[in-house]
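In what follows, a single structure is set out as structure tokens and then discussed.
What follows is calculated from the coordinates using simple rules that are stated; it is not laboratory data. The structure displayed is predicted, hence computed values, not measured ones. No Cβ is skipped: glycine too gets one built from the backbone with ideal geometry, and neighbour counts run over all protein chains shown.
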Amino acid sequence: MSRRKQRSAFDQVSEFDRGRIVAYRDCGLSFREIGSSVGRNQTVMRICFRWMQEGTTDRRGRSHPPQCTTLREDRQIVRMAVTDLSVASRTVALHIESVTHHSVSPQTIRRRLQQSGLSARRPFLGLPLTQNQMVREKKDVGFRME
């Protein structure tokens, strides 16, 4: 086992290592030499470029949490809603959960439909009128107009 700490690919680069990378670059070492001494080949160039452009090596914070659905899942949600207009958001959520094996709430389904320009909720205006009720309604409207 090497003297360097064994790291997984998704570990964050510490503030100390980011400072070392910038210091090594200022001393004139190449990206490859810096990567081998720090043990981070992938991130050396990104950190050095951020230092040159922005003057900082801080990690950028996210202004919002990551989305729980991918673009592909969003397209599938829209496709299901367009092909079957009577499908409920809870049904779509269960289908997405069975396919992707992670839970998606019905509220997320409604939000994705709204973001794509579709209406997730259809307002209930009332029961449809029978033929006799429509005739009576037309007469009442004509009577009110006079």
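Some observations on this one:
- Chymotrypsin sites (Phe, Trp or Tyr not before Pro) within region 31-66, DSSP loop, no more than 15 other Cβ atoms inside 10 Å: none
- Potential lengthening of the chain between Thr91 and Gln133 amounts to 11.6 nm, from the contour at 0.36 nm per residue minus the alpha-carbon distance.
- Put a dot 7 Å past the Cα of Thr83, heading toward its Cβ, do the same for Phe31, and the two dots end up 4.4 nm apart.
- In this calculation the C-beta distance from Ser98 to Phe49 is compared with R0 = 35 Å, giving a FRET efficiency of 0.25.
- Spatial extent of region 31-110: Rg and Dmax, with the Cα atoms as the point set, Å: 20.8, 61
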